[in-house]
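Here's the structure, in structure tokens; my notes come after.
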Amino acid sequence: MDGLTINPWDEHNMKRLKAISEIDKGIDEILKIENLDIISYEDLTALFFNLFEMFPMNTISLKKEFYKDFKVYRVRPFDEEFEITNPNIFSCPPWNEDIGIGRANWRKRNVLYGSDSPHTALKEIKETSVGKDFYISKWGIDYSKLNVDKINIATLLFKNIPENNNWDLWNEDYNKTIKELNSQIGIEASEKLIHLHKKINNLFVEKDKNKYPITAFIADQIIYFKKNTSEEIYFPILIYPSVESENKTVNFAIHPFFTEKYMRLEKVIHIKLNEKYPNHFKVGFEKIGFCNKENIVEWYTFSPDFSKTLYDIKSLNCNSCGKKIDLNDIDKIIFKKDNKAITHGEIIANYFKEQDYSDFYNLDDIDIMNDDGIAVGMDLKFSAIPLKNIVATVKDEDHTNLTMDINVKQPYLYKNFQKTSIS
């Protein structure tokens, strides 16, 4: 990937690597420890370095331009007491507030948790009961405030992430670096390093929450690491696979100082969880909030504006004769419903009006369509829509029992909704 650099490993540390069998033994020893939550940070530090001699950091540097499209989705359960005009409500807790140990944070050393997918962010919430309300916030980098050319990121992805994932972006560079490492310290030492990385990375996809102190310690060593005595945070972002998405997406743990200095809230959506399935949710969108120039979240109610639906018919199929109808000259196709002429635009509009539009919502699709920060819409895809009581006449041949595949861009209407809380 252009603009990505794998940070080199220190040759001196490589020579301190334990044998692969000792690495496996050390990982097994840690996983067998009971009551990890009562072990102090200092004792865990001593144990870890006694077992492995060194702390491996798998890091990359990304050029500033990359962060123009950097997005993080975060979910918080609904609370009537929230001052929802305050964007900080949707950010991370104060860095030194004691909220306990999480997968990537130690006590009183908090992080901003988020995902690269809003669907994953919702799945990561501990309690997602049907009927409950949540806030899904979308965060980006305030590009104008970035005053560095590159930012270091620590990764725990390794080979866990599928090739089609957006963050499987450094494998080619990684493989090049491994070849260079082989020439520097030899194949045996580099194999040890790769094995240790794999074992450490796999700890972050353990589903046993009793092992959180291990991953919290590792994450803290990375996120709160300082290369020197200055206040510089060297690895402000840690990326690791999402257990809830079976490693198909990633999670972020971001240092709160970086969050406060460089990140901005783009929008917040108040949703209600209507249905829950193993691999997806159906939600209702209650309200949406945008940050204004004064850094205050303004809230709006919204509903689909069917008069402005934009659509692209991808295919029209006649299930009676098994033919796919040629769409190259669609305006010459005569559509009738109950023997009355109807346009293909009216067919699609009527279809939407007959549906419960909340069923269409896919959290990954919602996006801002206009620059004013108010009008938003959704890109949708529909397959095999049944065209009930519709006849399509093409060159004097009638076709019935029709289905249609379409892509839709659906805008919304908004009304300002100003309250300090939502009821």
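No value in this document is a laboratory result; all are computed from the given coordinates. Remember, predicted model here, so these are calculated numbers, not experimental data. Backbone-built Cβ (ideal geometry, glycine too); neighbour counts: all protein chains shown.
Derived scalar couplings between HN and Hα for region 124-141 equal 6, 5, 5, 10, 10, 7, 4, x, 7, 9, 9, 10, 10, 10, 10, 10, x, 8 Hz in order, rounded to whole Hz, by the Karplus curve 6.51 cos²θ - 1.76 cosθ + 1.60 (θ = phi - 60°), x for Gly and Pro. In plain terms, the chain from Ser383 to Leu51 could stretch by 114.0 nm, reckoned as 0.36 nm per residue minus the Cα-Cα distance.
Inter-label distance, Glu97 to Asn401: 6.1 nm, where each label sits 7 Å from its Cα along the C-beta direction. Please give me, ordered by residue number, the GluC sites (Glu not before Pro) of region 258-350 that lie in loop per DSSP and have at most 12 other Cβ atoms within 10 Å. Sites meeting the loop and neighbour criteria: Glu294. Peptide packing for 237-246, 186-195, 26-35 was compared via the average number of neighbouring C-beta atoms within 10 Å per residue; ordered from the highest value, the list is 237-246, 186-195, 26-35.
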